[in-house]
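Before any comments, here is the structure.
The values are calculated or read from the model by the stated rules, or taken from the named source; none is laboratory data. This one's a predicted model, so the numbers in the text were calculated from it and none came from an experiment. Positions of Cβ are generated from backbone atoms using ideal geometry, with glycine treated the same way; all protein chains shown enter the neighbour counts.
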Amino acid sequence: MEKSVLKTDRTISIARDFFPHPGGRYRESGRGSGEEFRDDYLAPALEAAIQEGSIVVVDMDGVLGYPSSFLEESFGGLIRERGFSLKQIKSHLKLRTSEPHITIYRDIAEDYLRDAARRPAGPLGLALTG
């Protein structure tokens with residue numbers, strides 16, 4: 001039996017490829033929003049990774065920190081707004097940091113993914129919010 005092998009990872013550095021100062025939740029909040037990162041960088045890369053059988057690595061290093069609204073919109077929004085499943089995300093997305101002060105933000109982003117997956121799905125399969 002052949003062993004399943006995922007293709008080469010694609011890395012997105014938030015600080016280098018997106019913006020060195022992550023901002024608020026929505027585009028209206030200004031440059032560097034979670035919505036902008038999710039829709040323009042993360043979701044397209046994740047869609048491609050699912051089709052190709054590869055992994056997207058999000059490098060979270062190189063910033064001072066992350067607003068919780070950025071993390072929730074970027075990562076929880078993959079499930080809530082874009083309709084990805086937690087299973088797809090776990091199979092095709094890796095959050096990476098080597099900086100000790102960023103580890104907490106990685107953990108918070110992972111919590112937002114799990115929280116979004118626990119919400120009941122709406123009529124389009126998207127998680128319903130409050």
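Listing for the model above:
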{"item": "Some residue of the range 1-10 being in contact (Cβ under 8 Å) with a residue 12 or more places away in the chain and touching a Phe, Trp or Tyr at 6+ places or on another chain (Cβ under 8 Å)", "result": "no"}
{"item": "Checking THR129 against (1) modelled with pLDDT under 95; (2) among the hydroxyl-bearing types (Ser, Thr, Tyr); (3) in contact with a Ser or Thr (Cβ under 8 Å, 6 or more places away or on another chain), the condition it does not meet", "result": "(3)"}
{"item": "Single condition THR97 does not satisfy, out of (1) within 12 Å of the chain's Cα centre (by Cα); (2) over 22 Å from ARG27 (Cα atoms)", "result": "(1)"}
{"item": "First in the range 97-113 and under 18 Å from GLU73 (Cβ atoms), second anywhere and among the charged types (D, E, K, R) and in a helix (DSSP H, G or I), Cβ under 9 Å, 6 or more apart", "result": "ILE108/GLU72; ALA109/GLU72; TYR112/GLU72; TYR112/GLU73; LEU113/LYS90"}
